[in-house]
Structures are given as C-alpha cells and as structure tokens.
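Please treat every number below as a calculation from the coordinates, not as lab data. Not measured: the values here are computed from a predicted model. Glycine also receives a Cβ, built like all others from the backbone with ideal geometry; neighbour counts cover every protein chain displayed.
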Amino acid sequence: MLCVREKFLPFAQPDVSQAEIDAVSEVIASGWWTTGPKVREFEQRFADYVGAKHAVAVNSATAAMHLALEAIGLERGDEVITTAYTFAATAEVIRYFDATPILVDIDPVTLNIDVSQIESAVTEKTKAILPVHVAGQAADLDAIQSIADKHGLYVIEDAAHALPTLYKGKMIGSVSDFTAFSFYVTKTLATGEGGMITTDNDEWANRCHVMCLHGISKDAWKRYTSEGSWYYEIIAPGFKYNLTDIAGALGLVQLERLGDMNRRRQEIATQYNVAFAENPAVESPALVGDSTHPYHLYILRLNLDTITLDRNQFINELRNLNIGTSVHWIPLHIHPYYRDTYGYVPEDFPVAYGQYQRVVSLPIYSAMSDEDVEDVISAVDKVVKTCVQ
Ligand SMILES: *Cc1c(COP(=O)(O)O)cnc(C)c1O
C-alpha cells in the first residue's frame with residue numbers, strides 16, 4: 001500500500017444511500033417541508049425502536065436537553081450534576097436557566113462520570129443528574145438512579161452518542177426520566193441537524209411538544225392543514241425547536257438502516273482492536289460488561305511514556321498521512337467560560353484533565369471502506385514506530 005493515501009480521509013461522514021436521496025426528494029416535491037407527517041412517523045418509529053412511551057422530535061440534542069430541564073421546572077440557582085468530560089451542550093443548557101452545572105470527574109476506564117463522586121456533589125439545590133454516555137457506552141445508570149431516588153432527583157441522559165446502546169439488556173431511551181438523542185451529521189443516525197427526547201411520562205412529553213413550537217397548545221403544525229384551525233393559544237413563551245419533515249424523512253430512512261450501519265461500525269472497531277492489541281504505545285477503548293458499545297467514537301488512548309511525541313504531534317503526523325482525527329474532549333473546566341465563571345484550575349478534575357491529554361478519536365463510520373480502515377491502521381503504526389522511546 002502507499003505510504004500516504006492520496007485523498008484526505010475525513011474524521012466523520014454521513015452514510016448516504018439512494019434511499020435518503022429519494023426520501024428527501026419526495027418531501028421536497030410534496031411541498032410540506034417543515035414539521036408534518038414525516039416527523040410524526042419518525043417520532044412513532046423511534047419510540048417503538050428504543051421502547052419509550054413517547055418520543056418528541058426536535059432540531060438538536062441541545063434543544064432536547066433544554067426542554068427536558070424546562071419540563072422538570074429547573075429554576076435559577078438550582079444545581080444539576082454532570083460530568084467535566086463532555087461537549088459544550090451538556091452544561092450550557094443548565095446555564096440557560098441561570099442554574100449551576102456541578103461538574104464531577106470521570107472514571108479513567110470508561111471516561112463516563114465517576115458515580116462514586118456523585119453523592120458528595122448533591123446539595124439541597126440539586127434537581128437533576130445529567131450523565132453522558134461517552135462514545136456511546138452507557139454510564140452506570142443503576143448507580144445513578146439509586147442516588148437520584150435517594151435524594152429525589154431527576155435523571156436526564158445525554159445520549160447523543162448512545163444509539164443503539166443496550167444497558168443491562170434495556171435500550172438507552174427507555175431507562176431514565178428523559179433521554180436526549182442527537183442526529184447531528186456525525187452521529188450514528190444523522191439528519192444533518194436533529195434530536196429526540198424520549199420519556200414515559202405523558203405530562204412531560206406534552207410539555208416538550210408544546211414548548212418545542214412557541215408554547216402553542218395542541219399540534220401547532222397542523223394549523224395549515226385541512227383538519228387544522230387558524231385558532232391557537234400560547235400557554236407559555238416556548239422555543240423554536242421543531243424538526244423539519246425533510247430531516248424527519250432522513251431520520252426514517254436512517255432508522256431503517258441503523259442495524260446495518262451499526263454492524264459496519266462494529267466490524268471497523270474489531271479491526272482496530274485487533275490491530276492495536278499488539279501495540280504497547282496505544283490503548284483501545286475499554287469495554288464494560290453492562291453496556292454494548294455502538295462506537296459513535298473510537299477513542300484511542302496514547303501511552304505517552306512509551307513514545308516521544310505528544311497527542312497534538314500525533315494528530316499532526318496523522319494529518320500529514322491524510323488521516324483526519326478529532327479530540328473528545330477538551331474538558332469543560334479548562335474552557336475560558338467555565339474556568340473564569342467558577343474559578344477552576346485544571347487539577348480540579350485530574351482524571352478528565354489527564355485523559356484529555358492522551359485521547360485521539362479515529363475515523364469510524366459506516367461509509368468507510370476496508371481500505372480506509374487499513375490506511376488508518378497503518379498510519380497509526382507508522383507514526384508510533386517512528387517515535388518509540
Ligand atoms: C453532539 C453532542 C451534543 C449536541 O448535539 P446537537 O444535536 O448538535 O445539539 C450533545 N452532547 C454530546 C455528548 C454530543 O456529542
């Protein structure tokens with residue numbers, strides 16, 4: 001094989017078949033572009049798929065988490081416990097209410113929230129726990145739920161990566177008070193922009209439906225159909241978070257293909273695991289018994305004491321070999337906003353900070369060819385070989 005592949009391999013790409021193109025074309029030709037029958041069908045199918053009573057489609061996971069916190073009545077000054085090791089969205093939705101994100105450090109093996117540190121973070125102001133399933137492997141939800149039960153807290157899962165994930169035999173989406181999914185273009189089910197809230201609670205589902213479209217009571221989207229009416233009532237100052245039917249049509253096709261796409265990710269992960277098992281300079285993602293791993297991300301960890309270059313140099317070397325990568329994540333507490341607002345120093349969450357320095361997310365998506373996978377493996381080997389201590 002060539003030492004440097006000819007074309008840059010992007011870190012992530014959606015999996016596009018003719019079915020997505022046809023489904024979107026059909027919606028465009030129909031003239032019904034925004035929320036409508038495709039979105040309602042997508043909600044129904046999605047709820048059935050994860051085994052939830054209700055699914056409410058929105059235009060992002062960020063919106064999904066915002067609406068869940070709104071539905072539980074989060075207020076200014078309240079606290080929500082979450083992880084230091086996550087994307088911007090997880091904590092910013094807490095700040096939307098002028099509430100306080102209480103960050104907790106992570107488990108060094110799974111990179112998920114360290115459940116042994118949650119209870120000491122609970123105060124009288126705590127309203128909810130917001131765990132993240134990093135890369136898609138579920139956090140320890142039983143432990144989280146028992147702390148929540150003991151202290152009367154809600155559990156809202158950031159499941160942006162966790163589709164499909166089985167936690168102790170149950171689908172993520174059917175476990176906690178609320179689960180938020182993302183259909184951002186890089187995620188395991190993609191609609192460009194999009195998200196879903198699942199819950200078994202009728203009242204919360206209704207509240208999310210109403211608040212995702214201006215706080216207008218009862219099926220606001222129907223007012224321009226023949227069964228609809230011009231009359232509506234605003235019952236609260238809601239948001240503009242509704243999903244379009246163009247995205248809904250994409251979601252329906254991608255949900256249909258999710259099993260196949262997941263199998264391809266598993267194949268790629270297995271190839272990576274086998275290839276990297278021999279290599280003392282890198283560590284593959286650790287698998288825990290309680291959860292399946294959908295491999296939204298394949299987070300490789302560098303054993304920095306065995307090599308002469310750091311993570312950033314490693315990424316640059318892969319870039320020179322035409323392999324795109326990413327880093328998940330720069331922990332929240334070292335970002336200027338959180339650092340300056342709450343006075344954090346990097347060592348406040350030593351595990352998150354330490355792991356951050358050794359992580360590299362490799363390309364893993366169902367549209368990758370076998371050659372692409374081989375190119376990633378040989379690029380990693382090549383970079384590592386030239387820099388063993
Ligand atoms: C992608 C992502 C989000 C945000 O999803 P959007 O649909 O873009 O709002 C939230 N949390 C995590 C962990 C993510 O990776």
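For the chain, the dipole from Cβ point charges (+1 on Lys and Arg, -1 on Asp and Glu) about the Cα centre works out to 480 debye, to the nearest 20. Taking every DSSP beta bridge that has both ends in region 18-255, the antiparallel portion is near 45%. Dividing the alpha-carbon radius of gyration of the chain by the rule-of-thumb value 2.2 N^0.38 Å gives 1.02. For a quick check, take a GNM of the chain with Cα springs below 10 Å and name the residue from 251, 77, 215 with the largest mean-square fluctuation. The residue with the greatest mean-square fluctuation here is 77.
Over the residues of the chain, the helix contribution to mean residue ellipticity at 222 nm works out to -11500 deg cm²/dmol, using -39500 (n - 2.57) for each DSSP H run of at least 4. Helix 202-211 and the longest principal axis of the Cα set of the chain meet at an angle near 90°. For region 259-387, a simple Cβ point-charge model (Lys and Arg +1, Asp and Glu -1, everything else neutral) yields a dipole of about 180 debye relative to the Cα centre. With contacts taken as Cα pairs under 8 Å at a separation of at least 6 residues, the chain carries a relative contact order of 23 percent. In a Gaussian network model over the chain where Cα atoms closer than 10 Å are linked, find which of 125, 168, 150 has the largest mean-square fluctuation. Largest GNM mean-square fluctuation: 150. Residues considered: 18, 145, 313. Largest GNM mean-square fluctuation over the chain, using C-alpha springs under 10 Å, is found at 18.
Against the main long axis of the alpha-carbon atoms of the chain, helix 141-151 sits at an angle near 50°.
For 33, 230, the sequence from fewest to most other C-beta atoms within 10 Å is 230, 33. On C-alpha positions alone, give me the angle between the axis of helix 18-30 and the longest principal axis of the chain, in degrees, nearest 10. Helix 18-30 and the main axis of the chain meet at about 30 degrees. So which of 187/385; 53/222; 38/218; 38/127; 53/240; 53/127 end up more than 28 Å apart, counting from Cα to Cα? Where the Cα-Cα span goes over 28 Å, the pairs concerned are 187/385; 38/127.
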